[in-house]
Every structure is written in C-alpha cells, then in structure tokens.
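The values are calculated or read from the model by the stated rules, or taken from the named source; none is laboratory data. All values reported here derive from a predicted model rather than from experimental measurement. Backbone-built Cβ (ideal geometry, glycine too); neighbour counts: all protein chains shown. For accessibility, only protein heavy atoms count, side chains too; no ligands or nucleic acids. Shrake-Rupley method; radii C 1.70, N 1.55, O 1.52, S 1.80 Å.
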Amino acid sequence: MTIEVPTICPGSPELPDLSPAPGTFYLAPPLQHTRDRVYVRLRDAGWRVRFPAAGVMGVEVPGQALPVLLAALEPLMSEPEMAAGSAVFMEHGEVFDARSLFQSRPLSTWVARAEHEWLLEVIRSERIQIHYHPLVDARDPQRVFAYECLMRGVGGDGGVIAPGAMFRAAELADLEFHLDRLARVAAIRDSHLQGIQANLFINFRPTAIYDPAFCLRTTVGAVEKLGLDPRRIVFEVVETEAISDHRHLRHIVDQYRQGGFRIALDDLGAGYGSLNLLKDLEPDFVKIDRELIRHVHRNPGQATIVEAMVGMARNLGTTTVAEGVEERDEAEWLREVGVDLLQGFYFARPASPPPSL
C-alpha cells in the first residue's frame, strides 16, 4: 500500500528552479569596481547586460541557461564579494522594482545551487532512503525501545549519498529547510510502510525551521494523515553547537509538544551550550555525547562526568541515552551506573529494513 504524504506545505519557500523560462537575472555586486569587472567579462562573453537601477545589473538569460550564467559568474568574484552581493531571477513579463529585493538571495547561494544541482534533483525527486538504528533497553538489550531514523540520499547512479554531504551542500545553497523537512516526512512515511511499532527518533535541525507553527505543519500533518500515535515519535534536536537562539528553539519544542510529541536533546556534554539547552528545553530524552561514552569504563575522569550527567538527568526526570556504544564493557558499565537506553554498533548498524538483534 502506498501512502501519499505531500512534502510541500502551502506558503513554504518554493524549491528553486534552475532551468526556468527565459528571463533576466538581476544582480547587485557589492562594489563599483566589482560591477565594472563583471560587466566587462559578461559583455565580452556574449551576454546581454543592462542596468535597470543604480548598482543593479540585469543579464538576459535564454531558457534553461541560468546554470550556464551562474557558472560564468563564479570565477569573476571572490567568495566575500559573492556573499555580499544579492541576486534574483525574474521571468520575462515580471517587473523588477523595489519589491523584488525581498525575493533576492546572496549571489553565493545562487552559485552554490548551480554547483549542487544534484541536491535539488534529490529533493525534487525525493530520492532518499531511511535507515534505522535501534535504541535498546540497558537492562534488557534484546528489547528495542526505539529506532533512530537516519537519512541516506540516492544519487542519479543509484549510489548512496552520506547525510553529512547533503546537509553541507544544503547549507551552502540555502536548501536546509527543504532537505530537513523531506527527511522528517520521509521517516514518518517509511516507518509506517515498514510497519514499525517501536518509538521513533527523528532528527531535526532548528536552523532549518523559520516559523514553527507554519514550517512544522507538513510534519504534523503527515502523522495525523497516517493515524500514528504522536507519543511514539521523539523529535531529536541535532547540530546543538550551531544553536544560538534558545528562545526560537523553545518555540519549536513547544509546537511539537502541543502536537503530543516528545523531545530529545543530542550530544549532552559536547559543550557548555548543551547544558544550557538541557535547562531551557526540559527534554524527555537526552543523549550523552559519544566522545564521553567511548572507553568510559577505562577512564576515571570521564566516568565521573558521565555519572554526574546520569544523576542530573534522573533528578530532572529525563531518560538517558548513551550513544556510540561499541564494546561490551562499555555497555555493562553504563547499565551499572543507571543509563536507561543504549545505542551503538555493538548492538547493530543502521539498516533498512530495521536490523534484527
């Protein structure tokens, strides 16, 4: 049975099209000498350029030629110049005016989208797979408490694309919103098709969510459409070191909780900021950073830190997860000090369908 769950919600940022109809690419390099240099090089290369406003260049673009133009622009400016410049594409018939500036993006973003057009195709075609990594009960490791849903991309040649490569490209091309949303909805949809009854940990990046009530509409709608119990779904905050706006993150967490979902905090102990997040978010689950777990039974100082974290989480009523468990001695030590759940290659590697223990 196929369950269709749309990944695009009304009003969300549209996925850019780098093969549009004929139009004009308006760009505003940051400095006069930059504009002069770019103009001369484009003119000499045969591009038709005009100046519709002070400091703005308009380059005529034949149909489906935008990637060619972006490739031509990339060597003409330094990275700081491209980051400081802004640009917008408008089809023939659209009027360029002051309102157009609200649709503009840094020129570096446009160039990155052209360089990583494969990512646009992956998102547009939803060519991703979900692999499942079990979280087991520390007291009964044969009992799976939950599966963490991990995304893998599928290239045009059928090869696997690592999530790190995808999100690095998405950050450069300002596509984090689209990729993060696709990963969340795909995890919900695929787990339903797999018939998984255990809890699900689904990662999300707060930097990819602008307006929580609006941006999370598709995710919540997917759960409702499939009739899933929201209490089975744990949304896991990742990339914690990149989070500076705790107030915004709290709004996201509150929105999830209003829908009946639970929250996990990743990488506790990876930095001072993670302790502040523990205080500010009051998560249902907390994952202890894998660097603190590795060989913890051999390192007294490391063991003291982990024990303190376990005690702190217990006092807060938060369930602890030790990730990155790779040895039997690590698992046994963690169970003895009271860690609730364990996750790592010692038990299984991520797989689809979910691995057997």
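Please work out the average accessible area per residue across the chain, using the 1.4 Å probe convention, and give it in Å².
Accessible area per residue, the chain: 47 Å².
Per DSSP helix of 4 or more residues, -39500 (n - 2.57); summed, then divided by the residues of the chain. What does that give at 222 nm, rounded to the nearest 500?
Values: 14 runs with 141 residues, N = 357.
Per the formula, -11500 deg cm²/dmol.
Carbon-plus-sulfur fraction of the accessible area of segment 113-166, 1.4 Å probe, in percent?
C and S atoms contribute 49 percent here.
For ALA98 and ARG48, FRET efficiency with R0 = 22 Å and r from the beta-carbon atoms, rounded to 0.05?
0.40
With charges set only on the Cβ (+1 for Lys and Arg, -1 for Asp and Glu), what does the dipole of the chain come to about its Cα centre, in debye to the nearest 20?
Computed about the Cα centre, the dipole is about 420 debye.
Estimate the FRET efficiency between GLU282 and GLN142 by the formula 1/(1 + (r/R0)^6), using the beta-carbon distance for r and 30 Å for R0, to the nearest 0.05.
E(calc), rounded to 0.05, equals 0.45.
Relative to a virtual label point 7 Å from the Cα of SER78 in the Cα→beta-carbon direction, which members of segment 16-35 show backbone nitrogen distances below 15 Å?
The answer is 30-35, whose backbone nitrogens lie closer than 15 Å to the label point.
Once a ≥ b ≥ c are taken as the square roots of the eigenvalues of the Cα gyration tensor of segment 213-357, is the result rounded (a/c under 1.5), prolate (a/b larger than b/c) or oblate (a/b not larger than b/c)?
Note, shape of segment 213-357 comes out oblate.
Whole-Hz ³J(HN,Hα) for each residue in segment 99-104, computed from phi via Karplus 6.51 cos²θ - 1.76 cosθ + 1.60 with θ = phi - 60°, x for glycine and proline: what do you get?
Per-residue couplings from phi come out as 5, 5, 4, 5, 9, 6 Hz.
With each pseudo-label sitting 7 Å past Cα toward Cβ, what's the PHE214-ALA165 distance in nm, one decimal?
Placing both labels 7 Å beyond Cα along the Cβ direction yields 3.4 nm.
With a bin width of 20 angstrom, please list the P(r) values of the chain as percents of all Cα-Cα pairs, from the 0 bin to the one holding the largest distance.
For the chain, the pair-distance distribution reads 27, 48, 23, 3.
Hey, if you put +1 on the Cβ of every Lys and Arg and -1 on every Asp and Glu Cβ in segment 60-109, which of GLN64, VAL88, PHE102 ends up farthest toward the positive end of that dipole?
Projecting each Cα onto the dipole axis, the largest value belongs to PHE102.
Once both labels are modelled 7 Å past Cα along the beta-carbon direction, what's the ALA308-TYR346 spacing in nm?
With each label placed 7 Å out from Cα toward Cβ, I get 2.3 nm.
If I stretch the segment between ALA198 and ARG328 completely, what's the gain in nm (0.36 nm per residue apart, minus their alpha carbon distance), one decimal?
Here the answer is 44.4 nm.
What ³J(HN,Hα) values, in whole Hz, does the Karplus curve 6.51 cos²θ - 1.76 cosθ + 1.60 give for segment 274-285 when θ = phi - 60°, with x put for Gly and Pro?
Karplus-based 3J(HN,Hα) across segment 274-285 equals 5, 5, 5, 5, 4, 5, 6, 9, 6, x, 6, 10 Hz.
For a Förster distance of 22 Å, can you work out the FRET efficiency between the beta-carbons of GLU126 and SER19, rounded to the nearest 0.05?
Using R0 = 22 Å, I get an efficiency of 0.75.
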